[in-house]
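Novice: Pasting in a structure now, in structure tokens, and then I'll have a few things to ask.
A short reminder: the numbers here are calculations on the coordinates, not readings from a lab. Just so you know, these numbers come straight off a predicted model, no measurement behind them. As a convention, Cβ positions derive from the backbone with ideal geometry for all residues, glycine included, and neighbour counts pool all protein chains shown.
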Amino acid sequence: MGKSECFIDHSQKTSYIEGMLCKKTTRDSIIKAAKDRFLHYGYPKTTMAEIACDCNMSPGNLYRYFPGKLDIAFSIAQKYGQQTQEDLRQVVRDKTLSCVEKLKKFHFTLMRDTFHHLEDDPKIYEIAQILTKERPEFANEQIAQKRALMVEILSAGNASGEFRIKDVVFVAEMLQSATMKFAYPQLWTTLSLEKLERELSGVLDMVLGGLLSTSSDTPIDDSSPDIRPAT
């Protein structure tokens, strides 16, 4: 009997919650085994049969939990994404920071989280490339979630008087586009984290200079491709 498989005695009145927890434990074991194999051998060279063997279960039982290898990779990427998203939410919730400080910390947290993930687990980059191609909706969802948090910061900045932005959704989209290199640094460059931090600091200083309400009495409008306040 496989050590990672979970069996329930249905002759007893087992609760629905216990059953769900059991299934989650097995899924987590599969994800961990697959991640270890992906990081050691690479995604393309790993098979479902090998993952099943590492979990001490039959391939048939493995397919009960995941339809295919790509679905396991998707779950691994989701876990990384959820952790980063939670780190970013903590920045947004930090009441000790001004909105300007939140916006800066948001981008530095995102860059550092991603940089360290890819540095510690280089083959995660391989998985990310495959998912971007095979499951583009995953990457789009991750981008949308981060942009929503940026909108929240910009809206709060409008309310506090730090910013004067007419369309926070548009500005969040443009700011995200301008900083995409720093959100996924190893996908674009081989620079060290120290040099990336220097670049990000300079980019944010320039962008925030155009967003601060003190820089102009004119609210930022999206009717022109130039979002800077008129001088």
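Novice: May I ask you to sort 75, 29 by Cβ crowding, counting other Cβ atoms within 10 Å and putting the fewest first?
Specialist: Numbers: 75 17, 29 20.
Ranked by crowding around the Cβ, least crowded first: 75, 29.
Novice: Projected onto the charge dipole of region 73-215 (+1 at Lys/Arg Cβ, -1 at Asp/Glu Cβ, origin at the Cα centre), which of 203, 169, 73 gives the Cα projection farthest towards the positive end?
Specialist: Comparing the listed Cα positions along the dipole, 169 ranks first.
Novice: ³J(HN,Hα) across region 149-158 via Karplus (A = 6.51, B = -1.76, C = 1.60, θ = phi - 60°), whole Hz, x for Gly/Pro?
Specialist: 5, 5, 4, 4, 5, 5, 5, 5, x, 4
Novice: Under 5 Å between amide H atoms, partner at least 5 residues away or on a different chain: which partners does residue 165 have, H built in plane at 1.01 Å?
Specialist: The answer is 220.
Novice: A follow-up question, please. Quick check on the exposure proxy: order 107, 117 from fewest to most C-beta atoms within 10 angstrom.
Specialist: By the 10 Å Cβ count, ascending: 117, 107.
Novice: Dimensions of region 73-215 along principal axes (Cα, Å, largest first)?
Specialist: In descending order, the Cα extents are 45, 29, 25 Å.
Novice: Which whole-Hz ³J(HN,Hα) couplings does region 62-75 yield from phi under the Karplus relation 6.51 cos²θ - 1.76 cosθ + 1.60, θ = phi - 60°, glycine and proline marked x?
Specialist: The phi angles translate into 4, 5, 5, 9, 9, x, x, 4, 4, 5, 5, 4, 4, 5 Hz.
Novice: Here is a follow-up. What are the ³J(HN,Hα) values, in whole Hz, obtained from phi via the Karplus relation 6.51 cos²θ - 1.76 cosθ + 1.60 with θ = phi - 60°, for each residue of region 114-129 in sequence order, with x given for Gly and Pro?
Specialist: Per residue, the Karplus-derived 3J(HN,Hα) values read 5, 4, 5, 4, 6, 6, 6, 10, x, 6, 5, 4, 4, 5, 4, 5 Hz.
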